[in-house]
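**Q** Right, I'll just put the structure down here and ask away after.
The values are calculated or read from the model by the stated rules, or taken from the named source; none is laboratory data. If you're wondering where the values come from, they're calculated on a predicted model, not measured in any experiment. No Cβ is skipped: glycine too gets one built from the backbone with ideal geometry, and neighbour counts run over all protein chains shown. Surface areas here come from the heavy atoms of the whole protein model, side chains and all, with no ligands, DNA or RNA. Shrake-Rupley method; radii C 1.70, N 1.55, O 1.52, S 1.80 Å.
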Amino acid sequence: MGQALGCVQVDQSTVAVRETFGKFDEILEPGCHFLPWCIGRQIAGYLSLRVQQLDVRCETKTKDNVFVTVVASVQYRALAGKASDAFYRLSNTREQIQSYVFDVIRASVPKLNLDDAFEQKNDIAKAVEDELEKAMSMYGYEIVQTLIVDIEPDEHVKRAMNEINAAARLRVAANEKAEAEKILQIKRAEGDAESKYLAGLGIARQRQAIVDGLRDSVLAFSVNVPGTTAKDVMDMVLVTQYFDTMKEIGASSKSSSVFIPHGPGAVRDIATQIRDGLLQANTLQ
């Protein structure tokens, strides 16, 4: 109805291209415009000024011969001041942008190894954006931003990369576990050495106390019982200790001691051996 009355409405963020007898005449801004069709004026088409996005998937090969799929996201829009170029000079804007993206990615990624391609995503995106900006500006389009949103290696390559990463982590874990076991063994050995040292000190102190007690007992007995010698006292002490030991062994129901044939008279032989050893030690000194 509006066209029949010679009026046309242009929506916001949109411009209309007006022609007169098939020749470009003017760009119509958003709003209502008088369009007398009787003198050959008509709307050739509409052009959106909104930012549009195009996702491009490009398969290429890296420098180390790994096939990857690079996903680039290009955000672009038509310039109001160059709306006629944007409308007339390109028949398919999206395909044109896609061709430039393919060209830049397939020229940039093959120069990089796979790991470098992941690290230099921003550099690849910048190269694509620069090339698109230079090429599309003459056609009335502005490149707002270009992003490399994903780099997907082949499935077998991803599996191999995961296995390498897992093996590296297992190696680190094994080293840490071995280091922990080493520390435990060192601490256990240090504790055992300290325990044995303290046990040795206890035994030495125990023996020193026994010797001191025996010495005091021998001296007291010799003074209080006239006519006794140190030898008689030592024999009596050894016999007493012998019977005390036998009593303790017999009192235990779970004793695992093994006895060989002997009698109380063997204590004298033991006393003689101890005495002879002490005399020999004193002689050597």
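Table: residues versus (1) basic (Lys, Arg); (2) touching an Asp or Glu at 6+ places or on another chain (Cβ under 6 Å); (3) at pLDDT below 90.
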| residue | (1), (2), (3) |
| --- | --- |
| Thr62 | no, no, yes |
| Phe67 | no, yes, yes |
| Ala72 | no, no, no |
| Tyr76 | no, no, no |
| Gly81 | no, no, yes |
| Phe87 | no, no, yes |
| Asn92 | no, no, yes |
| Phe118 | no, no, yes |
| Lys134 | yes, no, yes |
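**Q** Let me ask something else about it. From the list Leu219, Leu198, which one is open to solvent by 90 Å² or more (accessible area, probe 1.4 Å) and within 20 Å of Leu238 (Cα to Cα)?
**A** Leu219
**Q** Another question, if that's okay. Return the only residue of Arg77, Arg41 being surrounded by 14 or more Cβ atoms within 10 Å (Cβ to Cβ) and outside the structural domain of Ala125 (by the TED database).
**A** Residue meeting the stated conditions: Arg41.
**Q** Restrict the check to region 128-146 and report whether at least one residue is more than 30 Å from Leu49 (Cβ to Cβ), assigned to a helix (DSSP H, G or I) and of a type in the set (A, V, I, L, M, F, W, C).
**A** Among the residues of region 128-146, not one is more than 30 Å from Leu49 (Cβ to Cβ), assigned to a helix (DSSP H, G or I) and of a type in the set (A, V, I, L, M, F, W, C), which makes the answer no.
**Q** Still on this structure, I have one more. Would you point out the residue of region 84-98, among those that are of a type outside the set (Gly, Ala, Ser) and either in contact (Cβ under 8 Å) with a residue 60 or more places away in the chain or in a loop (DSSP other than H, G, I, E, B) (or both), that is most open to solvent (accessible area, probe 1.4 Å)?
**A** Arg89
**Q** Something else about it: Taking Val68, is it within 52 Å of the chain's Cα centre (by Cα), surrounded by 16 or more Cβ atoms within 10 Å (Cβ to Cβ), among the aliphatic types (A, V, I, L, M) and not in a strand (DSSP E or B)?
**A** Criteria not met by Val68.
**Q** Cβ-Cβ below 6 Å, separation at least six or inter-chain, first residue in region 1-28 and on the phi < 0 side of the Ramachandran plot and surrounded by 14 or more Cβ atoms within 10 Å (Cβ to Cβ), second at pLDDT 85 or above and assigned to a loop (DSSP other than H, G, I, E, B): which pairs?
**A** Val10/Pro30
**Q** Follow-up question, since we're still on this one. What's the total number of residues in region 49-59 that are of a type in the set (Val, Ile, Thr) and either open to solvent by less than 10 Å² (accessible area, probe 1.4 Å) or free of Cβ contacts under 8 Å to residues at least 40 places away in the same chain (or both)?
**A** 1
**Q** Let me ask something additional. Kindly indicate whether any position in region 105-127 is among the hydroxyl-bearing types (Ser, Thr, Tyr), in the same structural domain as Phe67 (by the TED database), more than 30 Å from Phe24 (Cβ to Cβ) and surrounded by 13 or more Cβ atoms within 10 Å (Cβ to Cβ).
**A** Yes, there is a match, as at least one residue in region 105-127 is among the hydroxyl-bearing types (Ser, Thr, Tyr), in the same structural domain as Phe67 (by the TED database), more than 30 Å from Phe24 (Cβ to Cβ) and surrounded by 13 or more Cβ atoms within 10 Å (Cβ to Cβ).
**Q** Lys63 versus (1) without any contact (Cβ under 8 Å) to a residue 24 or more places away in the chain; (2) under 38 Å from the mean Cα position of the chain (by Cα): which is the lone unmet condition?
**A** (1)
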